[in-house]
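Have a look at the structure below before the remarks.
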């Protein structure tokens, strides 16, 4: 299975996202993390999706909803619209379109999930900033990324 094409569309899975999924390597850019997270949805690598979300958000994730979304869809392709790797020293943005078919739908038509995602680098690792968590955080609390800065001075502007 690992010698098949990578779901993210780059090269072979064994040479692309699999080393990230199994913890052998770390994403070197926000775009690479985005690609590997898409592939994790396609490959049902839920643990990878969780551990690549900002450290302070991981406990607030709805794991069942993530797993259900991953499994309910046939992931067709990832299209990177635009990657901005340097919004500032530690933040990046990736606009993408994930093409999929909702297997629970009767129409079986191709859907497109179009999103602009934000990422933060902390201790030389990239993490996804999840805007969907129900986490209540104030501007004066420590940032969810673990930087030690106040939330308002770090990731707040990207969520």
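Taken together, the values in this text are just the output of simple stated rules run on the coordinates, not laboratory data. If you're wondering where the values come from, they're calculated on a predicted model, not measured in any experiment. Note that we place each Cβ from the backbone using ideal geometry, even for glycine, and neighbour counts take in every protein chain shown.
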Pairing the Cα long axis of helix 30-43 with the longest principal axis of the chain, what angle in degrees results, from 0 to 90 and rounded to the nearest 10? 50
Footprinting exposure proxy for 66, 22, 144 (fewest neighbouring C-beta atoms within 10 Å first): 22, 66, 144
For the chain, the longest principal axis of the Cα atoms and the Cα long axis of helix 63-72 enclose an angle in degrees, to the nearest 10, of 30
Which of (1) 14.9, 46; (2) 18.7, 70; (3) 15.7, 48 is the computed Rg and Dmax of the Cα atoms in Å? It is (3)
To the nearest 0.05, what FRET efficiency results for residue 76 and residue 124 with a Förster distance of 22 Å applied to their C-beta separation? 0.10
Just report the Cα centroid separation between the stretch 20-42 and the stretch 84-104, whole Å. 12
Work out, step by step, the length gained on full extension between residue 150 and residue 44: first 0.36 nm times the residue separation, then minus their alpha carbon distance; give nm to one decimal. 34.8 nm
For residue 135 and residue 104, FRET efficiency with R0 = 25 Å and r from the beta-carbon atoms, rounded to 0.05? 0.35
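Tell me, 51, 82 in order of fewest to most beta-carbon neighbours within 10 Å?
If I rank by nearby Cβ atoms, fewest first, I get 82, 51.
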